[in-house]
Amino acid sequence: MEMNLGVRSEIRALLDRVTAMVRDEIMPLEAEFHAEVETGDRWAYTPRQAAILEGLKAKAKAAGLWNFWLTDSARGFGLSTVEYAYFAEVMGRTPMAAEVFNCNAPDTGNMEVFERYGTPAMKERWLAPLLSGEIRSAYLMTEPDVASSDATNIAMSCEGSGDQYVLNGEKWWATGAGDPRCQVYIVMVRTGGGDLPKHQRHSMIVVPADTPGITKLRPMQVYGQDDAPHGHLHFRFCDVRVPIENVLLGEGRGFEIAQGRLGPGRIHHCMRAIGQAEVALEMMCRRSLSREAFGKKLAQLGANYDIIAECRMEIEQARLLCLKAAWMMDQGDARAAAPWISQIKVVAPRMALRVIDEAVQMFGAQGISQDLPLAAMWTHVRTLRLADGPDAVHRRQVARAELRTYTQERL
């Protein structure tokens, strides 16, 4: 079968418009937007922040540059996963871009869940305002007291009580839950006992953020940064009651939903990481040609030629692997695509970390300071090596798929 990793001409024109808006309108405002976090309440948007963000979103929506992530829906642009990957890379060049185009995690994954599996009432109450960028959402899966890299360990209890479910337990690393606009959570819970197959013991349930019994314990810090006002929160649920109709698809189908949600999202994350690597390489090159030491341009010192060349080659290799994974997803067989997605989940963040670190080295002490975005980029990409599954878990999946070719034994 022919493998097309490009984009159609009409989609290329759309991508060029997004690229121009990212470069000319979003990136120039990023520093001012993030500086506002240090003024007033860290967990609320200042008037200036709101004006910047909502102004850019309104401009993007008016231009029709909105909801590109809807790759398998009549609501979107009809992009393939491969085509959307190019958009994700462009939006990854700067932290604010994804939200400007309403393509930001975790909302994209949550919107996919609502669209595919939600009831008409859920679509009206939650999907519609998410699609229009009016509210935010969070996805609550990881727990502090179990090894959540094996999601069958998820232990938050969810017990039926008449026409309600009662939830008890803790969740943490709920990305986006600190945002004051976050109004709904999709929560992975345990509904079945040990008598059921391990992948039929869990369910996903929709929980409004203002439901009584939910306590925000603390914002989690990433290398000392709390990512306010977006945040990654630690929650406690104490006798939290939600209607029984809030369960998605029915009891025991949580893993089925999770695989449909996480596969495309991992591709999006990896392509955004490639966008960050491109920015870091650009910064490195400009620095190496504009700065002198020991009577020479930095580019001419040490192994800097080799370093720049290796960074370019590694970016290109990672991009091609991401596009191959996206193409596999477009073939409609999520199981066949899974090992490829696991490969990029290891390769792309690891590559981006190396490139960003080399850029930091080229800038010296300034590279780790607040004067440049490199330190924040590094911490974000380092986190990505844990988000949606740590490297070791994905390598295990790749190895199992590889060995399956040579043995019929269950590995």
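The values are calculated or read from the model by the stated rules, or taken from the named source; none is laboratory data. Please read all numbers here as calculations on a predicted model, not as lab measurements. Glycine also receives a Cβ, built like all others from the backbone with ideal geometry; neighbour counts cover every protein chain displayed.
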Does the stretch 115-131 hold any residues that are touching a residue at least 60 places away in the same chain (Cβ under 8 Å) and either assigned to a loop (DSSP other than H, G, I, E, B) or within 26 Å of residue 383 (Cβ to Cβ) (or both), and which are they? 118, 119
Of the residues 292, 316, only one is out of contact with any helix residue (DSSP H, G or I) (no Cβ under 8 Å at 6 or more places or on another chain) and among the charged types (D, E, K, R); which? 316
The one condition residue 211 fails out of (1) in contact (Cβ under 8 Å) with a residue 60 or more places away in the chain; (2) not in a strand (DSSP E or B) is (1)
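Return the only residue of 200, 225, 183 being among the polar types (S, T, N, Q) and at pLDDT below 95.
Details: 200 fails: at pLDDT below 95; 183 fails: at pLDDT below 95.
The match here is 225.
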Could you tell me which of the residues 41, 72 is farther than 17 Å from residue 329 by Cβ, in a loop (DSSP other than H, G, I, E, B) and modelled with pLDDT under 95? 41
Could you list, in sequence order, all residues of the stretch 100-130 that are under 16 Å from residue 176 (Cβ atoms), surrounded by fewer than 21 Cβ atoms within 10 Å (Cβ to Cβ) and modelled with pLDDT of 95 or more? 129
Residue in the stretch 35-86 that is nearest to residue 25 (Cα to Cα), counting only those that are touching a helix residue (DSSP H, G or I) at 6+ places or on another chain (Cβ under 8 Å) and of a type in the set (Asp, Glu): 36
Using the structure shown, decide if residue 89 is charged (D, E, K, R), at pLDDT 95 or above and either on the phi < 0 side of the Ramachandran plot or surrounded by 19 or more Cβ atoms within 10 Å (Cβ to Cβ) (or both). yes
